[in-house]
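Asks: Pasting in a structure now, in structure tokens, and then I'll have a few things to ask.
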Amino acid sequence: MAEVLRGTGPGTARKAPSLARLSRRAGVLLGTLALTFLGLLFVTFVIGRVIPIDPVLAIVGDRALPEVYERVKLELGLDKPLTTQFVRYVAETATGNFGKSVLTGNPVLDDIRQFFPATLELATLATLLGVALGVPAGVLAAVHKGRWPDHVIRVVSLIGYSVPVFWLGLVGLLVFYARLDWVAGPGRIDIVYEYSIEQSTGLMLVDTALSGNWDAFRDAFAHIILPASILGYYSLAYIARMTRSFMLEQLAQEYVTTARVKGLGEGRVVWRHALGNVMVPLITVVALSYAYLLEGAVLTETVFAWPGLGLYITNSLFNADMTAVLGGTVVVGVCFIGLNLLSDLLYAVFDPRTR
Amino acid sequence: MKALARLLAATAVAAIAFTGAPRADTPADTLVVAKQIDDIITLDPAEVFEFSGGEVIAQVYDRIMMYEPEDTEKLVGGVAESWTVSDDGKTITFKIRAGQTFHSGRPVTAHDVAFSLQRVIKLDLTPAFILTQFGWTKDNVETMVKAIDDSTFSVTTENQLATSFVLNCLSAGVASVVDREEVMAHEVNGDLGHEWLKSNSAGSGAYKLVVWKANDTVVLEANPNDRHGAPKIARVIFRHIAEPAAQALQLEKGDIDMARNLGPDQIASLSGNADIGVTTYPKADVYYLGLNQKVEPLSKPQVRQAIRWLVDYQGMADSFLKGSYKVHQAFWPSGFYAAYTETPFHLDVEKAKALLAEAGYADGFDLKFDCVNTWPQTDICQNIQSTFGQAGIRVEIVPGDSKQVITKYRARNHEMVSLYWSPDYMDPHSNADTFARNPDNSDEAQSKPLAWRNSWEIPELTKLADDAVLERDADKRAAMYIEMQKKVQEDSPFVIMFQSTEQVAARTNVKGFVSGPTFDTVFYRTAWKE
């Protein structure tokens, strides 16, 4: 998507865009978006229909009378051919009607409004941690290539890459929650605060801060910091590895040698010149890792009893609740596309050639 | 580098600032329960058919007949105080208790009771079958269930059924009494308030529903006017914590008061903790193997016999199932009316080999085994694979999600399957109806009891099950169910292995909680904190 959406090389950007060209670009963009969505819906729909789970069973249970079973089957439209079912679904989605989740009984949009903020909050904090630590670590490793800082950082990120998150989460809980008492346990906030805080945004840190209840804020922070750190560790591992390899490539370039020859300080050469030039690919890496976390880290959400989108979609999939799965998928799709657009805008900030 | 140093310093300061975040124990009047509650899809008593939902509505609604915490196996009147049976045995007339009120403050009347039962039939959702067994339909239910005056109502069955059977059915979730005015005030498009009642409550039970957030929380608040007296615990909060290990950690820390889904590993790890007590409660679920009679080796009687001698019942119960299951080999759980507790089978590989040789399978055969991919099924299936292997039966385990396994089972596409069954109401007919009754074994059959799913054609046993529902002499009736259980135990496609027990771990300051044999008989209203 990033390639398609970028659409503008350095060459095209030099001329002032005319109105016709702008509208053509918008048209292409919209067309691409629509196609992407259709593809997304199609793939998810097919998955939902090939899994060997009877969706009627998920609703009526194993012991319903045959009449009840048949009636629900008709209500779900499952007696119609697959193509009809798909067309009907797309048509309803297009009008903004995502339907009702059979599992929770709520409109899918309401469910998503409830579950998505939890995921958003967790993923954002994790990505912030990942970037704040991963980028400097990657630069450090590149600068000290082959020496001990490089080895340490590479081993740390290798562990981050290969240890199952489920295990890491449980060990983290055991050490930092149960033994050391540094952080709070699973869940988003202690129950003493849960019903005294007005949840206007659904983001627990924001809501507690807005309420001015700083004990509640500290409690919410104590709850989120461990899962966010564990997810952050994963994105750190990825970002550090990518930063290292981008930086190694840049540090071998002639302009770096030139800068050094000109007598620029090493700090300026590395952090300003070389890092400045890896910003564009780095943004893509960060955006991808953020989007990946927004899909919902199912295992982390399970271990930490975090009522997020990943858990919602997975639980719905296991119950063949396809309205919920498709609704969730659309949200994830919107996140991906939104982040791609955002990276495109950021390219322009960091790379003058794309302006 | 300076930037990095600054960043690290800032992170360290932040970490120190938040270290030892304010910790709050659970409030003294609140019980926080960790439980896997992602199975809840509705809280309308006319629709609830899931374990967690059933437990919630049992707190919120009073039923016509009930089991009380003093004796969770003795059926007594709930909303009904007394009843008389007509001479023809078809009509039972109930008197309701005086002075009961709904959460709304309205009095509970016989009109509410009649409305509640009629509503179940009119909505015709999954658990309606418990009441349609009485011959009730949308067309006749208003004449079959009638309020005679404010405190009297009658129910009439089409056939002359055993009174104990009818009363037991009236203790199921579908016999919950809902506040007619409250429910009808929220009716939309003639749905009898169904949409609203899915996530709200209108009952007269010990607790009222405050909130249900799917996959997250259920909060109940005490009803000070409960007919048993105001519950001591003012608020019960169920939190969905899927991972048993996380439940155990939170219990140790005192962030929750009770953990409901611990496995033997977690129970063992908590055993040294003086602040936590573990209580074992017998449950009514039975765990069995189903052998599809459409599959050639399994349809031979000697093979079915051999398989009975190839399960290491006691070995499993004493090792990885310790505390979770006990050996039980009849379809109706022990501890109840008409239970049959003989356990004649044990692991005997030589005997099984001889039987297999007699059936012409001296070299064994290949067998596909559908297993649900969660504990304890995974361990049970592997154990069975190993003992079957000793007699030459080469078992290939086909793991799947539970709904996937059941989908395949209902289509009769399995060879051997391992699943559990829990009664829908505490009358032996609930299990006889599925293990020992198969009125139509054709592929087009409408009803799909377990006997049908394993393609077991049993006209005689079906007749016996039908007769037992009609038998009004309790002793004779019990003898009929015991006969059915013996027959199923001796030779059937079912190898019944275990009956489950639940282990509940709680902080030792939590007292008085009662967990009966089914989710209908879990009581929070009796609990308190020291």
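Asks: Looking only at the stretch B:229-270, which residues are within 7 Å of chain A (Cβ to nearest Cβ) and over 25 Å from the mean Cα position of the chain (by Cα)?
Replies: Filtering the stretch B:229-270 down to residues within 7 Å of chain A (Cβ to nearest Cβ) leaves B:237, B:239-243, B:245-246, B:249-250, B:252-253, B:255.
Those that are within 7 Å of chain A (Cβ to nearest Cβ) and over 25 Å from the mean Cα position of the chain (by Cα): B:L249, B:Q250, B:E252, B:K253, B:D255.
Asks: For the stretch B:173-219, what are the residues that are acidic (D, E) and in contact with a Pro (Cβ under 8 Å, 6 or more places away or on another chain)?
Replies: Looking only at the stretch B:173-219, we keep the residues that are acidic (D, E), and these are B:179, B:181-182, B:187, B:191, B:195, B:216.
Across the stretch B:173-219, the qualifying residue is only B:D216.
Asks: In this structure, is B:V327 more than 12 Å from every other protein chain (Cβ to nearest Cβ) and touching a Ser or Thr at 6+ places or on another chain (Cβ under 7 Å)? Before you say what the answer is, go through the steps one by one.
Replies: Numbers: more than 12 Å from every other protein chain (Cβ to nearest Cβ): yes; touching a Ser or Thr at 6+ places or on another chain (Cβ under 7 Å): yes.
So B:V327 passes the test.
Asks: Still on this structure, please answer the following. Which residue pairs have Cβ atoms closer than 6 Å, lie 6 or more positions apart in sequence or on different chains, and pair a first residue in the stretch B:206-220 that is at the interface with chain A (Cβ under 8 Å from one of its Cβ atoms) with a second residue that is among the hydroxyl-bearing types (S, T, Y)?
Replies: B:A214/A:T104
Asks: Would you say B:V286 is of a type in the set (A, V, I, L, M, F, W, C) and over 20 Å from the mean Cα position of the chain (by Cα)? Outline the logic, then answer.
Replies: On the way: of a type in the set (A, V, I, L, M, F, W, C): yes; over 20 Å from the mean Cα position of the chain (by Cα): no.
When the stated conditions are applied, B:V286 does not pass them.
Asks: From the list A:Y195, A:Y161, which one is facing another protein chain (nearest Cβ under 8 Å) and either surrounded by fewer than 21 Cβ atoms within 10 Å (Cβ to Cβ) or of a type outside the set (D, E, K, R) (or both)?
Replies: Working: A:Y161 fails: facing another protein chain (nearest Cβ under 8 Å).
That would be A:Y195, the only listed residue that is facing another protein chain (nearest Cβ under 8 Å) and either surrounded by fewer than 21 Cβ atoms within 10 Å (Cβ to Cβ) or of a type outside the set (D, E, K, R) (or both).
Asks: Does the stretch A:93-115 hold any residues that are more than 13 Å from chain B (Cβ to nearest Cβ) and either assigned to a loop (DSSP other than H, G, I, E, B) or surrounded by 14 or more Cβ atoms within 10 Å (Cβ to Cβ) (or both), and which are they? Outline the logic, then answer.
Replies: If we filter the stretch A:93-115 for residues that are more than 13 Å from chain B (Cβ to nearest Cβ), which is where we start, we get A:93-99, A:109.
Those that are more than 13 Å from chain B (Cβ to nearest Cβ) and either assigned to a loop (DSSP other than H, G, I, E, B) or surrounded by 14 or more Cβ atoms within 10 Å (Cβ to Cβ) (or both): A:T93, A:T95, A:G96, A:N97, A:F98, A:G99, A:L109.
Asks: Working only within the stretch B:153-192, note down all residues that are of a type in the set (V, I, T) and assigned to a loop (DSSP other than H, G, I, E, B).
Replies: The first filter runs over the stretch B:153-192 and keeps only residues of a type in the set (V, I, T), leaving B:155-157, B:163, B:166, B:174, B:177-178, B:183, B:188.
Passing the criteria: B:T157, B:V177, B:V178, B:V188.
Asks: Could you please tell me which pairs satisfy a Cβ distance under 7 Å, a separation of 6+ or placement on different chains, a first residue in the stretch A:93-109 that is within 20 Å of A:V334 (Cα to Cα), and a second residue that is modelled with pLDDT under 75 and part of a helix (DSSP H, G or I)?
Replies: Final answer for the pair search is none.
Asks: I want to confirm something. Restricting to the stretch B:415-453 and keeping residues that are over 22 Å from B:S334 (Cβ atoms) and of a type in the set (S, T, N, Q), which single residue is nearest to the other protein chains (Cβ to nearest Cβ)?
Replies: Ranking the candidates gives B:Q446 first.
Asks: Same structure, new question: State which residue pairs qualify: first residue within 10 Å of chain A (Cβ to nearest Cβ) and inside the stretch B:388-413, second residue assigned to a helix (DSSP H, G or I) and not hydrophobic (A, V, I, L, M, F, W, C) in any location, beta carbons under 7 Å apart, and separation of 6 or more residues or different chains.
Replies: These pairs meet every condition: B:Y409/B:R453; B:R410/B:R453.
Asks: Tell me yes or no: at least one residue of the stretch A:117-133 is touching a Leu at 6+ places or on another chain (Cβ under 7 Å), within 14 Å of chain B (Cβ to nearest Cβ) and of a type in the set (S, T, Y).
Replies: Yes: the stretch A:117-133 contains one or more residues that are touching a Leu at 6+ places or on another chain (Cβ under 7 Å), within 14 Å of chain B (Cβ to nearest Cβ) and of a type in the set (S, T, Y).
Asks: Criterion first (at pLDDT 95 or above and not in a loop (DSSP other than H, G, I, E, B)) does B:E195 satisfy it?
Replies: Details: at pLDDT 95 or above: no; not in a loop (DSSP other than H, G, I, E, B): yes.
No: the conditions fail for B:E195.
Asks: Still on this structure, please answer the following. Can you confirm whether the stretch B:448-466 contains a residue that is under 26 Å from B:G89 (Cβ atoms), in contact (Cβ under 8 Å) with a residue 60 or more places away in the chain and among the small types (G, A, S)?
Replies: no
Asks: Moving to a separate point now. Here are some conditions: (1) within 28 Å of B:G89 (Cα to Cα); (2) touching a strand residue (DSSP E or B) at 6+ places or on another chain (Cβ under 8 Å). B:R477 meets all but one. Which one does it not meet?
Replies: (2)
Asks: What's the total number of residues in the stretch B:312-332 that are more than 25 Å from the chain's Cα centre (by Cα) and assigned to a loop (DSSP other than H, G, I, E, B)?
Replies: Here is the first cut: in the stretch B:312-332, the residues more than 25 Å from the chain's Cα centre (by Cα) are B:312, B:315.
From what is left, the residues that are assigned to a loop (DSSP other than H, G, I, E, B) are B:312.
Adding up the residues that qualify gives 1.
Asks: Restricting the stretch A:284-323 to residues that are closer than 15 Å to A:I51 by Cα and among the small types (G, A, S), which is farthest from the other protein chains (Cβ to nearest Cβ)? Walk me through how you get there before you give the answer.
Replies: Kept after step one, since they are closer than 15 Å to A:I51 by Cα, are these residues of the stretch A:284-323: A:313-323.
From what's left, among the small types (G, A, S): A:316, A:320.
Values: A:S316: 10, A:A320: 7 Å.
Once the filter is applied, the top-ranked residue is A:S316.
Asks: Shifting gears a bit: Counting residues that are assigned by TED's automatic domain parsing to the domain that holds A:M204, under 16 Å from the mean Cα position of the chain (by Cα) and closer than 30 Å to A:L57 by Cα, which helices (runs of 4 or more DSSP H) fully inside the stretch A:254-355 reach at least 2?
Replies: Numbers: elements: A:254-261, A:275-294, A:298-303, A:309-318, A:322-350.
Those helices (runs of 4 or more DSSP H) span A:298-303, A:309-318, A:322-350.
The values are calculated or read from the model by the stated rules, or taken from the named source; none is laboratory data. These numbers come from a predicted model, not from an experiment. Heads up, the Cβs are rebuilt from the backbone with ideal geometry, glycines too, and the neighbour counts pull from every protein chain shown.
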